[in-house]
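These notes concern the structure reproduced below.
Readers should treat all values here as calculations from the given coordinates under stated rules, not as data from a laboratory. The structure presented is a predicted model; accordingly, all values stated were derived computationally and were not measured. Every residue, glycine as well, gets a Cβ built from its backbone with ideal geometry; the counts of neighbours run over all protein chains shown.
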Amino acid sequence: MPENRALSQWEIDALLNQIPGASEDAAPGGATSNQPDRAFARVIKTYDFRRPDKFSKEQWATLQAMHEHFARLIGAAFSSRLRTLVNVRLSSIDQGLYEEWQAQVPSQTVCYVLSMRPLSGNIVVEFTMDVAAEVIDRLLGGTGVLVDRGRELGEVEIGLLRSFGRAITLTLQEMWGQIQPVDPQVQDLGQDASLIQVAAPTDVVLTVFFEVNVGNRLGAMSVCIPYTVLEPVATHLSAQVWITSGVRSQVTAEERAMMASLIGRTHLDVAVQLGGVNLPARTIVDMQEGDTFVLETRLGKPLDILIGERTRFRGLPGMVGNRVALQVSDVVHEDTFGFFDRSGVHFNDLTVPALELAPAALPVRTDDE
């Protein structure tokens, strides 16, 4: 058949019939096509070459589970450092371009540039100035009420935020340890996301956004991870690896000894309740110096010994030399607390020997001393 021959009408109609949704008059001889090739139409999918899909559904689910875990960990870390309740909640996780992430974050913000050795490249952890000002004020002993959040940060405040970044690096290390052991380190601290360049503007990045509630103030935080950082460990981003590695082994003897040593150095407030009595408010208001009221505790009855704000022991008052003291006579078992008995205090898998109080005497501090 000559190559330069023109197509006949039936050949043209046959080609047109292969197009999904072809018109009815395209069939040869004017015949209608009752069942267009819809299976062929379902194969066609839109594809954006500027934003290719880098993650499978399983990898995407693993990344979401990882950052939900990160939100819980970072909330606990912030609460411990700031000595106030901090709630962190995962808002969204998405794949986009680095320039799109830069456009989404505020112009004035705090950006931690972190290395993720042994992974190549850097990531960015960013939070708004509202959160930064709250952190600075509480680290300095304030309450975060009257803070000017519009001014630029000074050298002292930047130093505080840089040291505060250790809470972020430790949390990232714990989260990524279940997939790939990393050693995050703060490389830089900036206040303008447009000046932070950890990737090219059109590079694919993973962007994770969080809501941060510090005290009564609501702020935002985000994490930007270039795909070049995730690519070496992409094959490990599976639910099976995440669940299997998330199951911790039993506490080793070394960890047990270390935790016991840390808890053993913890100071606890010990108080003795001499007794109590219920009085009307009018009687209390009318009380004057020299008035006397009788306590409900009887002579010779054991007194409550409070550890913190809970009654843990009971004991009998007495003297040791010239000092007032108390001898422990009984241990209070609280079923609701569930972790205390005479043999020890149990924190999950850790057992710390209980205070060896009986029959020792606890000195009681008086106003005369």
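Computed quantities for the displayed model
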{"read-out": "Long-range amide H partners of residue 330 with built H, under 5 Å", "value": "314"}
{"read-out": "Rg(Cα)/(2.2 N^0.38 Å) for the range 57-247, N = residue count", "value": "0.99"}
{"read-out": "Charge tally in the Cβ shell below 15 Å around residue 85, where Lys, Arg are +1 and Asp, Glu are -1, residue 85 excluded", "value": "+4"}
{"read-out": "5 angstrom amide H check on residue 180, placed H, neighbours 5+ away", "value": "none"}
{"read-out": "Under the Karplus curve 6.51 cos²θ - 1.76 cosθ + 1.60, θ = phi - 60°, whole-Hz ³J(HN,Hα) for the range 66-72, x wherever Gly or Pro sits", "value": "4, 7, 5, 5, 4, 4, 5"}
{"read-out": "Spin-label model distance (nm) - residue 139 vs residue 76, 7 Å beyond Cα toward Cβ", "value": "2.2"}
{"read-out": "Sequence ranges 291-304, 204-217, ranked by mean other-Cβ count within 10 angstrom, highest first", "value": "204-217, 291-304"}
{"read-out": "Cα pair distances of the range 194-333 binned at 5 Å [whole percent]", "value": "2, 6, 7, 8, 8, 9, 9, 8, 7, 7, 6, 6, 6, 6, 4, 2, 0"}
{"read-out": "Distant-in-sequence amide H partners of residue 91 (H built 1.01 Å from N, under 5 Å)", "value": "209, 210, 211"}
{"read-out": "Within-12-Å neighbourhood charge of residue 214 [Cβ basis; K, R +1; D, E -1]", "value": "0"}
{"read-out": "Net lengthening on full extension, residue 156/residue 330 (0.36 nm per residue, minus Cα-Cα)", "value": "57.4 nm"}
{"read-out": "Ordering of 117-129, 263-275 by burial proxy (mean other Cβ atoms within 10 Å per residue, highest first)", "value": "117-129, 263-275"}
{"read-out": "Size of charge dipole - the range 57-247 - debye, nearest 20, with Cβ of Lys, Arg +1 and Asp, Glu -1, no other charges", "value": "620"}
{"read-out": "15 Å beta-carbon shell around residue 74, net charge (K/R +1, D/E -1)", "value": "-1"}
{"read-out": "Separation of the residue 284 and residue 61 label points, Cα + 7 Å toward Cβ, nm", "value": "5.8"}
{"read-out": "Full-extension gain in nm, residue 236 to residue 307, via 0.36 nm per residue minus C-alpha separation", "value": "20.8 nm"}
{"read-out": "Cα-projected label distance for residue 12 with residue 83, points at 7 Å along beta-carbon direction, nm", "value": "8.7"}
